[in-house]
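Chemist: My questions will all concern the structure given below.
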Amino acid sequence: MGFIEDSFVKAKEVIDIAGKKTGEMISLQKLKVNASSLQYQISHDYEALGRLCYEAKKNGEKNEDAIAELIEEMDERKAELAELERQIALAKGVVICPVCSTRNVITAAYCNKCGSKLSQDDAEGSAGEENETPKEEPEKSEAEE
Ligand SMILES: [Zn+2]
């Protein structure tokens with residue numbers, strides 16, 4: 001199974017590059033290179049997956065574990081690719097609707113096709129202090145009788 005490990009290592013490198021550069025200015029070009037590299041890995045994975053299934057059927061090899069493992073890796077890569085595509089869209093000044101995948105201008109608050117709210121996640125979305133309890137509760141049963 002050397003080819004699977006090999007492709008996994010390559011994809012990890014790609015992910016590391018993408019991870020390290022976030023926070024800095026990432027050039028659109030670099031994002032595209034990373035995305036197409038991941039895409040290449042994923043199509044390579046499909047080929048490997050096909051081979052595993054072929055062997056399983058043809059020779060009765062029990063490589064279900066290998067198949068499951070490969071599928072897991074593929075899902076990680078796909079998630080990474082989706083994130084890269086989102087970043088590419090952002091770099092291009094568009095935001096992709098999470099519901100219908102329509103491209104909207106980055107200033108849009110709602111999808112112009114389906115009307116879903118478009119979250120701009122680098123806006124201050126997660127100011128997580130909403131515990132504004134009133135400081136003093138008036139009248140705590142001051143019975144004066
Ligand atoms: Zn939409």
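What follows is calculated from the coordinates using simple rules that are stated; it is not laboratory data. What you are looking at is a predicted structure, and each value in this text was computed from that prediction instead of being measured. So basically every Cβ, Gly included, is an ideal-geometry build from the backbone, and we count neighbours across all protein chains shown.
Chemist: Write out the trypsin sites (Lys or Arg not before Pro) in region 42-84 meeting two conditions: DSSP loop, and at most 15 other Cβ atoms within 10 Å of their Cβ.
Modeler: Qualifying residues, ordered by number: LYS62.
Chemist: What is the local net charge at TYR110, summed over the other residues whose Cβ is closer than 14 Å to its Cβ (Lys, Arg +1; Asp, Glu -1)?
Modeler: The answer is +3.
Chemist: Amide H to amide H under 5 Å from VAL94: which residues, 5+ apart in sequence or cross-chain, H placed 1.01 Å off N in plane?
Modeler: Counting only residues 5 or more places away or on other chains, the set is empty.
Chemist: Which links in LYS30/LYS78; LYS32/LYS113; LYS58/LYS78 stretch past 24 Å when you go from one Cα to the other?
Modeler: LYS32/LYS113; LYS58/LYS78
Chemist: Still on this structure: If the chain between TYR46 and ASP75 were fully stretched, how many nm would it gain, using 0.36 nm times the residue separation less the Cα-Cα distance?
Modeler: Between TYR46 and ASP75, full extension yields an extra 9.3 nm.
Chemist: What is the distance, in nm, between label points placed 7 Å from the Cα along the Cα-to-Cβ direction at LYS32 and at THR102?
Modeler: 2.6
Chemist: If you keep only loop residues by DSSP, which GluC sites (Glu not before Pro) in region 43-84 have at most 15 other Cβ atoms within 10 Å of their Cβ?
Modeler: GLU61
Chemist: Can you work out the Karplus-derived ³J(HN,Hα) for every residue in region 53-61? Use 6.51 cos²θ - 1.76 cosθ + 1.60 with θ = phi - 60°, whole Hz, and x for glycine or proline.
Modeler: Each residue's phi maps through the Karplus curve to give 5, 4, 4, 4, 6, 6, 9, x, 6 Hz.
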